[in-house]
Amino acid sequence: SPSDDDRDGQVLCDADLAILAAPPSGYAAYTAAVREEYGFVPTDAFREGRSAILRQLLDLPRLFRTPYGAREWEATARYNLTSELEMLSL
């Protein structure tokens with residue numbers, strides 16, 4: 001995580017996480033690509049590992065470091081992460 005005075009680092013981190021705030025179809029495509037990338041991992045192990053990552057992200061006090069990211073993307077990203085976590089639990 002970049003320091004509070006590292007504006008470039010904050011922007012870079014926010015850009016990297018921006019996909020988490022994609023509209024539903026974009027986020028679905030992203031999660032499908034993640035699953036494809038880890039296709040060699042058995043389904044149960046993937047669900048367990050992915051769920052752990054999602055929980056870690058959701059436990060962060062804030063996902064986005066810039067004011068813009070926090071304002072424009074935070075709520076949608078948390079919604080997407082929570083929805084994916086629920087789907088993995090089915």
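Nothing in this text is a laboratory measurement; each read-out follows from the coordinates by a stated rule. The model shown is predicted, which means the values in this text are computed figures rather than measured ones. So basically every Cβ, Gly included, is an ideal-geometry build from the backbone, and we count neighbours across all protein chains shown.
Its residue count N fixes a reference of 2.2 N^0.38 Å for the chain, and the Cα radius of gyration divided by that reference is 1.14.
Dipole size of the range 7-88 about its Cα centre, with +1 on Lys/Arg Cβ and -1 on Asp/Glu Cβ: approximately 200 debye, rounded to the nearest 20.
Under the criterion of Cα pairs below 8 Å and six or more residues apart, the relative contact order for the range 7-88 equals 47 percent. Fully extending the segment from residue 45 to residue 59 would add 2.9 nm, taking 0.36 nm per residue of separation and subtracting the current Cα-Cα distance. Given the rule -39500 (n - 2.57) for each run of at least 4 DSSP H residues, summed and divided by the residues of the chain, what is its mean residue ellipticity at 222 nm, to the nearest 500 deg cm²/dmol? When only DSSP H runs of four or more count, the value is -22000 deg cm²/dmol.
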